[in-house]
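The values are calculated or read from the model by the stated rules, or taken from the named source; none is laboratory data. Just so we're clear, the structure is a prediction, and the values are computed from it rather than from any experiment. FYI the Cβ positions are ideal-geometry reconstructions off the backbone, even for glycines, and counts take in every protein chain you see.
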Amino acid sequence: MRIMAFDYGTKRIGIAVTDPLQIIATALTTVHPEEIWSFIDNYLQGETVATFVVGKPLQMDGSDSESAQHVLGFVRKLKKTYPQIPVAEIDERFTSKMASAAIAQSGKKKSKRQEKGLVDTVSATIILQSYMQKKEL
């Protein structure tokens with residue numbers, strides 16, 4: 001059973017998944033918000049997902065950020081559409097900065113590093129790794 005993580009944005013949703021043994025988090029893809037539900041439906045036809053993890057956008061003081069309302073709507077619909085799959089929310093502060101830094105360190109050309117979709121999928125992977133580390137504690 002895999003764990004699937006989302007870095008929700010109003011323009012793109014970065015998606016990452018674990019391997020079936022839930023050991024390794026891997027960037028999967030980026031999907032437009034209008035396509036997310038058909039993407040999840042198609043994915044679930046071939047894979048079993050144990051948990052959905054959604055990055056929760058917070059301000060530095062821990063309060064909800066402006067984009068939190070969009071994420072809240074997404075989480076609500078995830079829970080309603082897939083009631084059998086638990087949804088975990090995890091603090092996503094700094095994931096985009098961490099993703100950009102990781103991409104820069106990977107040696108990718110600057111044009112590739114600035115691709116927003118790549119940042120979103122790497123952010124989703126970082127969110128998933130954070131969740132997996134917290135789960136182990």
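Look through the range 72-97, keep the residues that are part of a loop (DSSP other than H, G, I, E, B) and modelled with pLDDT of 90 or more, and return whichever of them is surrounded by the fewest Cβ atoms within 10 Å (Cβ to Cβ).
Quick first cut of the range 72-97, residues part of a loop (DSSP other than H, G, I, E, B) only: 82-86, 92-94.
Narrowing further to those that are modelled with pLDDT of 90 or more: 82-86.
Details: Y82: 16, P83: 9, Q84: 5, I85: 18, P86: 13.
If we take residues in the range 72-97 being part of a loop (DSSP other than H, G, I, E, B) and modelled with pLDDT of 90 or more, then Q84 is surrounded by the fewest Cβ atoms within 10 Å (Cβ to Cβ).
Which condition from (1) of a type in the set (V, I, T); (2) in contact (Cβ under 8 Å) with a residue 24 or more places away in the chain; (3) not in a strand (DSSP E or B) is the one that T29 breaks?
If we test T29 against (1) of a type in the set (V, I, T); (2) in contact (Cβ under 8 Å) with a residue 24 or more places away in the chain; (3) not in a strand (DSSP E or B), just (3) comes out false.
Quick check: is even one residue across the range 33-49 modelled with pLDDT under 95 and either within 14 Å of the chain's Cα centre (by Cα) or closer than 16 Å to S123 by Cβ (or both)?
yes
If I filter the range 29-47 for residues that are touching a helix residue (DSSP H, G or I) at 6+ places or on another chain (Cβ under 6 Å) and closer than 21 Å to K134 by Cβ, do I get at least one hit? Explain how you work it out, then say what you get.
Here is the first cut: in the range 29-47, the ones touching a helix residue (DSSP H, G or I) at 6+ places or on another chain (Cβ under 6 Å) are 30-31.
If we keep only those that are closer than 21 Å to K134 by Cβ too, we end up with none.
Within the range 29-47, not a single residue is touching a helix residue (DSSP H, G or I) at 6+ places or on another chain (Cβ under 6 Å) and closer than 21 Å to K134 by Cβ.
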